[in-house]
Amino acid sequence: MNKNINKYSTYILGAIFVLTLMVPTNTLAQSETANYEAAFLAQVVDAGVLPTSPTYFLKEWGRGLRLFFTFDKEKKLEYQLDIVDEKAAELNKIEESGGGESGVDKGLENYKKSVEKLNLDIQKYEPKEGSDNKIESLKQEFEGRLAVHQQLLQDLAAKYESALEEIDSLQGELSSVLEENQKLEAKLRSASDTDTREEPEDDDSDSDASPQKKTCSSGYYLETDDDGRQKCFPLGKDEPGISYFRGGEVSQNDYDYNNWVFEWSSKNTSYCTLYASKGGEGELPLNKHYASSGSTTVNFGGTRSTTVYLNCYNSAGESTQASVAVKIDDPAPTPKISYFKADPVKSGSETYTFSWNSSDTKSCEIEDITGNGSNYVFSQKGFGPSDSSTETLTGLTTARFRIRCYAFDGSYDQDELTINGPPKITFFFGGEVSQNDYDYYNWVFEWTSINTSYCTIYADKGSGDELPLNKHYASSGTVKADFTGTNHTTVHLNCFNSSGESTEALVSVDL
C-alpha cells in the first residue's frame with residue numbers, strides 16, 4: 001500500500017470521479033476502493049498522537065466524551081466506525097515510522113479493543129423504521145473502510161511473524177463485523193414489518209374479503225414466521241459465499257518449496273473444509289473443520305502438482321466451493337551430511353571432539369546406538385547443521401553413535417561412527433618364579449589390558465632372547481624371562497589399540 005500522499009491527491013480524486021461516469025460497473029467498484037484507500041492514507045498522514053505516546057489517553061478521553069453525547073443510533077454507530085478507522089491509521093503510522101514489534105503490538109491491541117466494541121454494538125443495533133438511506137450509507141462505509149483495514153493487516157502479517165496470532169484474531173473479528181453489516185437491511189425490514197391483516201367488517205359484502213397481503217421490495221421475499229406474522233427477508237442473504245481463496249509458497253527459499261500457505265474468507269458460513277486431490281493428506285484431513293475465515297500451512301512433500309479445494313457450509317448444510325492449483329516447479333533439495341567424526345582431545349583421553357558438516361539442513365541430533373546398556377548422553381539435544389561438541393565418555397570401551405541432520409520439510413540424512421576407547425593397562429606384575437636359589441634369575445610377568453589389539457614386552461637389558469622387541473603378545477597374558485647375569489633392569493609393557501594409540505606400564509627387576 002502506497003503510504004505517500006502528495007499535493008495533487010485532490011486533483012487525482014477529482015479525475016477519478018469524472019472517469020467513473022464513463023467506465024463499466026466493475027471499474028466503478030475499483031474506483032470506490034481507490035477512494036477509500038486514498039481517504040485512509042490521508043488519515044495516516046494526519047494520524048496525530050499515537051498509542052505509543054504517553055499523552056494518548058487525552059485523545060481517547062475526547063473520543064469517549066463525544067461518543068457519550070451522541071444519541072442518534074446511526075450516528076453513534078458511524079462515529080464508532082470512524083474511531084476504528086482512525087486507530088487503523090494510527091497503527092499504519094506506527095509501522096511506517098519504525099515503531100518496531102513493540103509499537104505494532106501496542107497499535108494492534110488498541111485497534112482490537114475498538115473493533116470488538118464495534119462488533120458488539122452492531123450486533124445489538126436495532127434500526128428504526130424510515131432509516132433506509134442511513135442504513136445503505138452505513139453498509140457501504142463499513143464494507144469500503146474495513147476492506148482497507150483487512151489489506152493493512154495482511155501487509156503487517158507478512159512483516160511481523162510474532163503478531164500473526166493477534167492479526168489472525170483481528171481478521172476473524174473484522175469478518176464478524178462485516179457479516180453483521182450484511183444483516184442491517186434484514187434488521188430494518190424486521191423493524192418496519194407489521195401485521196397488515198384487516199379484520200372483516202360486519203357488512204355481508206365484505207364477508208368474503210381476504211386478509212390483505214404484505215408486499216416486499218425487490219430483492220426480498222415474503223415469509224410467515226412462527227407467530228403468524230408476515231415478514232420480508234433478503235433474497236440470498238443466507239446463502240454461503242467464499243469472498244476469496246488463495247495459496248502460494250511460504251517463501252522462495254530452497255527448503256520451503258514444498259510448504260504452501262492458504263488463506264480464505266467466507267460469509268454466511270458455519271465452517272469450511274480443505275482437502276487436496278493428492279499430497280498433504282496428513283495436514284488436510286477430509287473431516288477437519290476450519291473457521292469460516294482463516295489460514296493454514298501445508299507441506300506437500302514430494303508432490304509436484306495438485307489441486308486444493310475449499311468447501312464452506314452454512315447451518316443448513318448448503319455449501320460453496322473454490323479451488324487453488326498447486327504447482328511446485330523446483331523440488332526441495334536433499335539434506336546431506338558430508339562428514340561425521342570424533343577425535344580424542346589427546347592421546348589416551350576419554351574426552352572426544354565430535355564434528356560434522358551438512359548442507360540443506362536446519363539442525364542435527366546425535367545419539368548413542370551401542371546398546372548393551374550403553375547410554376552416553378550429549379550435553380545438548382540439538383546442534384547446528386555444521387558444528388562440533390566436546391564430550392567426555394567415561395569408562396568408554398566401544399560405542400556407536402548416529403547423527404541425523406534434518407531439513408526444513410522433516411526429511412533427514414544420517415551417518416554413524418564407532419569409537420574404541422583409549423588403550424588401558426589394568427594390571428602388570430612381575431616377580432621371581434620361586435624362592436629357590438637356582439631360580440633367582442627366573443621371573444614371571446602377568447598383565448591385563450582393555451581397548452587393545454596387542455601388547456609388547458621388553459627389558460632394558462638382559463633376557464634379549466626371551467623378550468624380543470618385535471614380538472606381539474595378547475592383550476592379557478603371562479611370560480617368563482631369565483635374567484641370569486643381570487643385577488638390575490626395567491621391563492616395559494606397551495599395549496596398542498587398532499588406531500595405533502598405546503599405553504605403557506613398567507616393572508623394576510632387582511636380583
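Values in this text are rule-based calculations from the coordinates and carry no lab data. This structure is a prediction, so every number in the text was calculated from the model and none was measured. We place every Cβ from the backbone using ideal geometry, glycine too, and count neighbours over all the protein chains shown.
Between residue 487 and residue 334, the FRET efficiency from the beta-carbon distance, with R0 = 60 Å, is close to 0.25. For the set 112/267; 59/183; 59/113, the pairs lying more than 26 angstrom apart at their alpha carbons are 59/183. Applying a DSSP loop filter and a limit of 14 other Cβ atoms within 10 Å to the trypsin sites (Lys or Arg not before Pro) in the range 392-480 leaves 461, 471. Among the GluC sites (Glu not before Pro) found in the range 68-174, those both in a DSSP coil and sparsely packed, with 14 or fewer other Cβ atoms within 10 Å of their Cβ, are 129. Note on residue 117/residue 353: beta-carbon distance plugged into 1/(1 + (r/R0)^6) with R0 of 45 Å gives a FRET efficiency of 0.15. Between residue 61 and residue 372, the FRET efficiency estimated from the beta carbon spacing at R0 = 60 angstrom works out to 0.20. Rounded to the nearest 20 debye, the dipole size of the range 336-420 about its Cα centre is 80 debye, using +1 on the Cβ of Lys and Arg and -1 on the Cβ of Asp and Glu. Applying 0.36 nm per residue to the separation of residue 102 and residue 417 and subtracting their alpha-carbon distance, the gain on full extension is 108.6 nm.
Its Cα centre serving as origin, the range 34-86 has a Cβ charge dipole (Lys and Arg +1, Asp and Glu -1) of approximately 260 debye. Working note: Cα gyration tensor of the range 467-511, eigenvalues times five, square-rooted, sorted largest first, giving semi-axes of 24, 12, 9 Å.
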